[in-house]
Amino acid sequence: MYTQAMDIAPKEEQRAVRSLEEVELMRRFDAKIDAGDYIEPKDWMPEHYRKTLVRQISQHAHSEIVGMLPEGNWVTRAPTLKRKTILLAKIQDEAGHGLYLYSAAETLGTSRDELLAALHSGKAKYSSIFNYPTLTWADVGVIGWLVDGAAIMNQVPLTRCSYAPYARAMVRICREESFHQRQGFDALNIMMREGTPEQRAMVQDATNRWWWPSLMMFGPPDSESVHGTQNTRWGIKRISNDDLRQKFIDATAEQAKVLGVTLPDPELKWNAERGHYDFGRIDWTEFWRVVNGDGPCNRERLAARRRAHEAGQWVRDAANAHAAKAAGRTPAAA
Ligand code: BYC
């Protein structure tokens, strides 16, 4: 039986001497993980497991909130009332996803203020995909089809994540993501079937620009994934970055045929022997540049988030004042 938290934990946690009590707690934790049981907030957990979850869940929450920005750009320019209503509902769902996820991260003992401060200072990451611009209405459809499609592929296995509050949040999020993906596909399908040649060209152009960044959403190749092995051992990650990316490519290549768009990869080809699509080289230099803050919209996105946070200060002050007043009231007076 291996001790799951000890092998690649940061140096400060690799203490040689542990109390008997701690060894027993670790043994019980390992046994739970091995049995596929869930860990609840009040259960004992190794510090490295806690930190890893705070990192991943908060990055995920930040991605939902920053992910509202590229689409928000199109609310006032949606082509019909129906599309505008759908887009507003989708963006509102994303705010909700952010809130469930911040709440799940808070159950691990880190406050919402600390999580947001890490985002605003540039210390915390969010998904690379949201650092690309939305240039035309077709981008909104392609975000639904490809970005939400990739998100579902990555997030369905997280409904079985070993940390129960994260797994529970993911169940609801995945249901909504599925609607998001379909509305994107539907918008594109209508443009391709009933649109003008210019509208069809717009869909193809948006597909060309979003295809490679959407493959990068799954993270670096397994050989370079820092957290992959440990996260799999802990039941946080159920399927590796490369395997999820391949599943997404296999599904999307078929959907592209239905839509009548060409995915911008001359090497994309069905390989009957592997039972998968082969695909071309992903530009990992671009991925790391974007992750490290130098993508097309990184500065703009962070500036928008900081502005929104500062502009919302009066709402937080008012809510705190109201809560303090309500707490001071006697039950009879309340
Ligand atoms: N972008 O060791 P690895 C959405 C970082 S929301 C930026 O493989 P791990 C949606 C990674 O954090 C989409 N950074 O990491 C919302 C790590 O850096 P740190 C968000 C990335 O955790 C609104 C380093 O690279 N989804 O879909 O095992 C509208 C090494 O990576 C990225 C989630 O957050 C990236 N793409 O695996 C529409 C899902 N990839 O932290 C749609 C939950 C990697 O050591 N997260 N990095 O400094 C996950 O499943 C995993 O965290 C990842 C990475 C697969 C993303």
- Task: State whether the residues of region 112-122 include one that is of a type outside the set (A, V, I, L, M), in contact with a helix residue (DSSP H, G or I) (Cβ under 8 Å, 6 or more places away or on another chain), closer than 30 Å to Ile33 by Cβ and open to solvent by 20 Å² or more (accessible area, probe 1.4 Å).
- Result: yes
- Query: Out of curiosity, is Ala95 open to solvent by 20 Å² or more (accessible area, probe 1.4 Å), modelled with pLDDT of 95 or more, touching a helix residue (DSSP H, G or I) at 6+ places or on another chain (Cβ under 7 Å) and outside any loop (DSSP other than H, G, I, E, B)?
  - Reply: yes
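Tell me the residue from Ile86, Ile91 that is more than 17 Å from the chain's Cα centre (by Cα), aliphatic (A, V, I, L, M), closer than 22 Å to Gly149 by Cβ and within 15 Å of the ligand (Cβ to nearest atom), please.
Ile86
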- Task: Answer with yes or no whether Ala253 is open to solvent by less than 50 Å² (accessible area, probe 1.4 Å) and either within 12 Å of the ligand (Cβ to nearest atom) or part of a helix (DSSP H, G or I) (or both).
- Result: yes
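Which one of Tyr126, Tyr102 is in a helix (DSSP H, G or I), farther than 19 Å from Leu263 by Cβ and within 16 Å of the chain's Cα centre (by Cα)?
On the way: Tyr126 fails: in a helix (DSSP H, G or I).
It is Tyr102.
Can you pull out every residue in region 152-176 that is within 13 Å of the ligand (Cβ to nearest atom) and without any contact (Cβ under 8 Å) to a residue 40 or more places away in the chain? First the steps, then the outcome.
First, pick out the residues of region 152-176 that are within 13 Å of the ligand (Cβ to nearest atom): 152-161, 163, 166-167, 169-170, 173-174, 176.
Residues satisfying the conditions are Ile152, Gln155, Val156, Thr159, Met170, Cys174.
Yes or no, residue by residue, for (1) within 12 Å of the ligand (Cβ to nearest atom); (2) aromatic (Phe, Trp, Tyr); (3) free of Cβ contacts under 8 Å to residues at least 60 places away in the same chain:
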residue	(1), (2), (3)
Phe130	yes, yes, no
Thr134	yes, no, no
Val140	yes, no, no
Ala150	yes, no, no
Thr196	no, no, yes
- Task: Just name the residue that is nearest to Tyr126 (Cα to Cα) out of those in region 57-72 that are open to solvent by less than 40 Å² (accessible area, probe 1.4 Å) and within 6 Å of the ligand (Cβ to nearest atom).
- Result: Ser63
- Query: For region 151-163, does any single residue satisfy the condition of being touching a strand residue (DSSP E or B) at 6+ places or on another chain (Cβ under 8 Å) and at pLDDT 95 or above?
  - Reply: yes
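Within region 192-243, can you find the residues that are among the aromatic types (Phe, Trp, Tyr) and in contact with a Lys or Arg (Cβ under 9 Å, 6 or more places away or on another chain)? Even if it seems obvious, please write down each step before you answer.
Going through region 192-243, the residues among the aromatic types (Phe, Trp, Tyr) turn out to be 210-212, 218, 234.
Within region 192-243, Phe218 is the sole residue that qualifies.
Being farther than 24 Å from Cys174 by Cβ and either of a type in the set (Lys, Arg) or assigned to a helix (DSSP H, G or I) (or both) is the requirement here; does Lys90 meet it?
Numbers: farther than 24 Å from Cys174 by Cβ: no; either of a type in the set (Lys, Arg) or assigned to a helix (DSSP H, G or I) (or both): yes.
It is false that Lys90 is farther than 24 Å from Cys174 by Cβ and either of a type in the set (Lys, Arg) or assigned to a helix (DSSP H, G or I) (or both).
Out of all the residues in region 3-33, which are within 26 Å of the chain's Cα centre (by Cα) and either of a type in the set (D, E, K, R) or at pLDDT below 95 (or both)? Before the answer, list the steps.
First, pick out the residues of region 3-33 that are within 26 Å of the chain's Cα centre (by Cα): 4-5, 8-10, 33.
Matches in region 3-33: Gln4, Ala5, Ile8, Ala9, Pro10.
Is at least one residue of region 75-86 touching a residue at least 40 places away in the same chain (Cβ under 8 Å), open to solvent by less than 40 Å² (accessible area, probe 1.4 Å), not in a helix (DSSP H, G or I) and not β-branched (Val, Ile, Thr)? Lay out the reasoning, then the answer.
Of region 75-86, the ones touching a residue at least 40 places away in the same chain (Cβ under 8 Å) are 77-79, 83, 86.
Filter again for open to solvent by less than 40 Å² (accessible area, probe 1.4 Å), leaving 78, 83, 86.
Next, from what is left, pick out any that are not in a helix (DSSP H, G or I): 78.
When the remaining residues are screened for being not β-branched (Val, Ile, Thr), the result is 78.
Yes, there is a match, as at least one residue in region 75-86 is touching a residue at least 40 places away in the same chain (Cβ under 8 Å), open to solvent by less than 40 Å² (accessible area, probe 1.4 Å), not in a helix (DSSP H, G or I) and not β-branched (Val, Ile, Thr).
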- Please identify the pairs in which a residue from region 277-303 that is under 16 Å from Thr134 (Cα atoms) and open to solvent by 60 Å² or more (accessible area, probe 1.4 Å) has its Cβ atom under 7 Å from the Cβ atom of a residue that is at pLDDT 95 or above and away from the ligand (no atom under 13 Å from the Cβ), counting only partners at least 6 apart or on another chain. Pro296/Pro133
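The values are calculated or read from the model by the stated rules, or taken from the named source; none is laboratory data. No experiment lies behind these values; they were computed from the predicted model shown. Cβ coordinates were reconstructed from backbone atoms using ideal geometry, including for glycine residues, and neighbour counts include every protein chain displayed. These accessible areas exclude ligands, DNA and RNA; they are computed on the full protein's heavy atoms, side chains included. Shrake-Rupley method; radii C 1.70, N 1.55, O 1.52, S 1.80 Å.
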